[in-house]
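Remarks on the structure that follows.
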Amino acid sequence: MAVVITEVNGSIGTITLDRPKVNALSSELIEEIIAALTMMKEQNLRVVILRAKKGVKVFSAGHEISELPTNGRDPLTYNDPLRHLVRTVQLHPCPVIAMIEGTVWGGACELVMSCDLIVAADDSTLAITPAKLGVPYNLSGILNMMKVADMPVIKEMLFTARPISARRLMESGVFNHVVPREHLEGFTHELAMQIVETSPLVLRILKEELRVLASAHPITPEAYERIQSLRREVYDSEDYQEGIHAFIEKRRPEFHGR
Ligand code: LCV
């Protein structure tokens, strides 16, 4: 069942979240968002708008909680769906505008904050919830939010896990624009049209320069997590077990690369 609606209007693509369960970011929903972005990239669209259906109470309830591992596995490693989605948005070659109405929760806040621009209805809120769920959020995810919200604001959002109002998020520079809900679509489309009129080649480079510079750290958290993810492939492998058992049994190991 499709959980995303895609529309193309000239050079503007629109991706509408449409999963019945308050748009919780299941792996299925994430896959469809990524597929929509890929299609829009192939069509050389110049702006993408990411939104929920008109009038929603909840823009997205964040990570699908039933898909959070409970067997001691890190829930947010480099190759997990949410991490892949956030990188896909950040690497998308044209601006992605998050058009928000309703409440945004957990990892959906990072998704929205990883978009290039945010236009929000005046009654929308963001609530970053790992502290409420007992989830050790991952480094690159925290950095993505730090790029957008000043430290005092991001600390309050993380430490309280409480919804923060659109007004405060506008004052803090997290939101680009806050408008009455009834003006949200028109305002966002007008902003998109302004972007469509600029050079797509220059925007692609500017977006990538800003991404690289914003992540320019001695070791980017994302690089660290990618290594961690590669290490996990090894310590979860049969070869890992074989290496240990061969040593204990004083025999040559037979490695099979799996
Ligand atoms: C699965 C859900 C969800 C959901 N997953 O409707 O940032 S981190 O680290 O925390 C990260 C790991 C993350 O993103 O975790 C998820 C963080 N999200 C939240 O904490 C929000 C949890 N949801 C809620 O607080 C409420 O559901 C909201 C306020 C979003 C909506 O409340 P409302 O009363 O309108 P319900 O709570 O009745 O939810 C409708 C159905 O969606 C399920 C929920 O269990 C319910 O299912 P049933 O109808 O089967 O009872 N649901 C809600 N959120 N994230 N399932």
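Out of curiosity, is GLU185 within 19 Å of LYS53 (Cα to Cα) and of a type in the set (Asp, Glu)?
Yes; evaluated as a whole, the condition is true for this residue.
Hey, could you check segment 15-32 for residues that are touching a residue at least 40 places away in the same chain (Cβ under 8 Å) and closer than 25 Å to GLU182 by Cα and say which is surrounded by the most Cβ atoms within 10 Å (Cβ to Cβ)?
ASN23
Would you please name the residue that is farthest from the ligand (Cβ to nearest atom), looking only at residues in segment 138-168 that are touching a residue at least 60 places away in the same chain (Cβ under 8 Å) and surrounded by fewer than 20 Cβ atoms within 10 Å (Cβ to Cβ)?
The qualifying residue farthest from the ligand (Cβ to nearest atom) is LYS147.
Using beta carbons and a limit of 7 Å, which pairs, at least six apart or on different chains, have the first residue in segment 56-76 and at positive phi and the second one outside any helix (DSSP H, G or I) and surrounded by 15 or more Cβ atoms within 10 Å (Cβ to Cβ)?
Qualifying pairs under 7 Å: GLY62/ALA24; GLY62/LEU25; GLY62/TRP105; GLY62/GLY106; GLY62/THR129.
Output the residue which, of all residues in segment 11-26 that are away from the ligand (no atom under 12 Å from the Cβ) and either among the small types (Gly, Ala, Ser) or touching a Ser or Thr at 6+ places or on another chain (Cβ under 8 Å) (or both), is modelled with the lowest pLDDT.
Once the filter is applied, the top-ranked residue is SER11.
Would you confirm whether any residue within segment 171-194 is among the aromatic types (Phe, Trp, Tyr), out of contact with any Lys or Arg (no Cβ under 8 Å at 6 or more places or on another chain), surrounded by 14 or more Cβ atoms within 10 Å (Cβ to Cβ) and closer than 25 Å to ASP123 by Cβ?
yes
Please verify whether segment 152-172 includes one or more residues that are touching a Leu at 6+ places or on another chain (Cβ under 6 Å) and more than 23 Å from PRO130 (Cα to Cα).
no
Mind listing just one residue for me: the one in segment 69-126 that is more than 14 Å from the ligand (Cβ to nearest atom) and at pLDDT below 95 and, of those, nearest to SER26 (Cα to Cα)?
ASN79
In this structure, is VAL48 among the aliphatic types (A, V, I, L, M), within 12 Å of the ligand (Cβ to nearest atom) and in contact with a Gly (Cβ under 9 Å, 6 or more places away or on another chain)?
It is false that VAL48 is among the aliphatic types (A, V, I, L, M), within 12 Å of the ligand (Cβ to nearest atom) and in contact with a Gly (Cβ under 9 Å, 6 or more places away or on another chain).
Those residues that are over 21 Å from the mean Cα position of the chain (by Cα), surrounded by 11 or more Cβ atoms within 10 Å (Cβ to Cβ) and among the aliphatic types (A, V, I, L, M), I need them from segment 195-219; list them, please.
Within segment 195-219, ILE195, VAL196 qualify.
The values are calculated or read from the model by the stated rules, or taken from the named source; none is laboratory data. Note that the structure is a prediction, hence the values are computed from the model and not measured. All Cβ positions, glycine included, derive from the backbone under ideal geometry; neighbour counts span all protein chains shown.
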